[in-house]
1. What is the residue count in the range 47-70 for residues that are assigned to a helix (DSSP H, G or I), exposed (fewer than 15 other Cβ atoms within 10 Å of the Cβ) and acidic (Asp, Glu)?
2. For the condition farther than 20 Å from residue 408 by Cα, in contact (Cβ under 8 Å) with a residue 12 or more places away in the chain and in contact with a Ser or Thr (Cβ under 6 Å, 6 or more places away or on another chain), what is the one hit in 61, 9?
3. Being aliphatic (A, V, I, L, M), assigned to a strand (DSSP E or B) and either at pLDDT 95 or above or in contact with a Leu (Cβ under 6 Å, 6 or more places away or on another chain) (or both) is the requirement here; does residue 283 meet it?
4. When residue 371 is evaluated against the numbered criteria (1) closer than 26 Å to residue 295 by Cα; (2) at pLDDT 95 or above; (3) not in a helix (DSSP H, G or I), which criterion, by number, is the only one it fails?
5. Considering only residues that are surrounded by 15 or more Cβ atoms within 10 Å (Cβ to Cβ) and under 17 Å from residue 19 (Cα atoms), which ones fall in the range 72-87?
6. In the range 88-204, which strands (runs of 3 or more DSSP E) lie fully inside it and hold 1 or more residues that are in contact with a Pro (Cβ under 9 Å, 6 or more places away or on another chain)?
7. Taking the range 123-151 only, how many residues are more than 19 Å from residue 185 (Cβ to Cβ), among the basic types (Lys, Arg) and either in contact with a Leu (Cβ under 9 Å, 6 or more places away or on another chain) or surrounded by fewer than 18 Cβ atoms within 10 Å (Cβ to Cβ) (or both)?
8. In the list 324, 331, 242, 310, which residue meets the criterion of being modelled with pLDDT under 95 and over 17 Å from residue 185 (Cα atoms)?
Amino acid sequence: MRVLGINGLGRIGKLTLWRHVALSHFDKIVVNTGREVGKSLEDLASYLESDSTYGQLSRYLYGFKGDAMRPVVKVKNSEEGILEINGKEVWVLRKARNPREISWHEHQVGVVVDTTGVFTDPTREPGDPRGALRGHLEGGARKVINSSAFKMKAPAQPDDAITMIWGINHMAYDTHQHHVISAASCTTTALAHMVKPLLEDARTRKILTASMSTIHSATNTQSVLDKVPDRDAKDLRKNRMVLDNIILTSTNAASALGIVIPEIQEIGFLADSVRIPTSTVSLVTLNLTIQSQIDEGGESSVTREVVNGVLQSASTGSQKGSLVFSEEQKVSSDYKGVDAAVVIEAHDTHTRTAFLTLDPKALGLDLPQTPILKIPVTHAKIFGWYDNELGSYTNRLADLTIYVDEQLD
């Protein structure tokens with residue numbers, strides 16, 4: 001019997017439940033809220049029934065045939081916390097907040113997806129009174145997947161931990177070795193699928209420097225209205241109103257990218273995030289400087305057509321289903337719910353080639369008759385849309401979860 005555990009029912013927890021109810025890979029799903037939710041189980045059922053961003057669960061499951069007025073979440077047993085969704089039993093645990101105290105063993109849970117965003121350090125011991133990812137393993141789960149990047153003081157992940165992105169490095173997973181897993185972040189997922197094909201093609205792989213900005217929808221880490229900062233607040237801008245501000249903040253996408261694609265560590269990579277007041281769908285703007293060549297006709301080996309060709313080829317080959325190539329002119333809301341790690345906005349891919357002038361004397365090479373070198377360098381600008389909540393991140397997280405479950409002995 002395949003049993004999935006989900007810890008937390010925030011944005012990713014709720015949508016993870018939606019996705020797995022739809023996919024029907026697991027025979028039973030156990031959700032831990034860690035506390036009583038609402039006045040009754042019916043209140044939780046109502047919360048799961050609809051979503052302000054994605055609409056009714058019935059429409060998500062059944063398309064236009066779904067009756068938005070007919071509930072699909074049924075309460076089977078209020079006292080024991082049993083729901084039925086699309087024919088699947090969903091048990092709701094409402095007592096333990098510390099992962100090691102959650103009764104995963106009692107329900108024969110194999111894989112737990114922790115979506116709380118609270119337990120992110122894979123080095124923290126399971127007995128830590130603050131709780132830890134490893135506590136899920138002590139509570140009876142065989143594997144735990146964190147729905148965000150690891151955050152730890154240690155310079156490297158423990159040997160039994162791994163960061164994976166579906167379609168990028170999931171084949172590096174070893175079920176006998178890896179028990180604590182990070183699914184990285186929504187931005188890293190999109191970015192990785194943009195960068196991977198460029199690094200694999202001889203014409204575009206000589207990347208000298210890179211930078212990215214994500215124009216990112218609001219998240220629950222921000223404030224609806226201005227508020228007083230918490231005691232340990234590091235970014236004061238997240239305490240400002242989300243509804244009426246464009247907010248510059250940081251992202252760990254570049255550092256996380258280097259974990260799943262180690263070659264990127266040799267490249268100078270800058271990353272930042274600009275939060276905007278929309279509910280979902282974000283945009284990666286990727287800037288690369290690539291060492292190129294000039295042919296006899298004066299044409300660069302890295303052109304707009306070459307870059308788009310590399311990405312289009314990946315979208316029908318090794319990254320089919322995760323990377324989508326589009327030359328249509330669309331806006332963010334067009335990609336709400338779209339099942340893709342990233343959609344390349346190929347219409348707006350741009351390249352410019354110039355020459356980097358290098359005087360050997362500037363390097364201390366004061367040699368006779370040493371010529372001044374002119375190295376062709378191409379700047380490429382690539383755009384990628386991603387539904388940071390459901391279509392891109394949660395769907396890829398579900399793919400990864402099923403893959404991990406299928407590897408269980």
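The values are calculated or read from the model by the stated rules, or taken from the named source; none is laboratory data. Predicted model, so just to flag it, every value in this text is computed and none were measured. Virtual Cβ from ideal backbone geometry, glycine too; neighbours counted across all protein chains shown.
1. Looking only at that region, the number is 0.
2. Working: 61 fails: in contact with a Ser or Thr (Cβ under 6 Å, 6 or more places away or on another chain).
On inspection, the qualifying residue turns out to be 9.
3. Working: aliphatic (A, V, I, L, M): yes; assigned to a strand (DSSP E or B): yes; either at pLDDT 95 or above or in contact with a Leu (Cβ under 6 Å, 6 or more places away or on another chain) (or both): yes.
Yes: the conditions hold for residue 283.
4. The one condition residue 371 does not meet is (2).
5. First, pick out the residues of the range 72-87 that are surrounded by 15 or more Cβ atoms within 10 Å (Cβ to Cβ): 72-73, 75, 81-86.
Answer for the range 72-87, where residues must be surrounded by 15 or more Cβ atoms within 10 Å (Cβ to Cβ) and under 17 Å from residue 19 (Cα atoms): 72, 73, 83, 84, 85, 86.
6. Details: elements: 88-93, 111-114, 143-146, 161-163, 180-182.
Qualifying strands (runs of 3 or more DSSP E): 111-114, 143-146, 161-163, 180-182.
7. Number of matching residues: 4.
8. Values: 324 fails: modelled with pLDDT under 95; 331 fails: modelled with pLDDT under 95; 310 fails: modelled with pLDDT under 95.
Of 324, 331, 242, 310, the one residue that is modelled with pLDDT under 95 and over 17 Å from residue 185 (Cα atoms) is 242.
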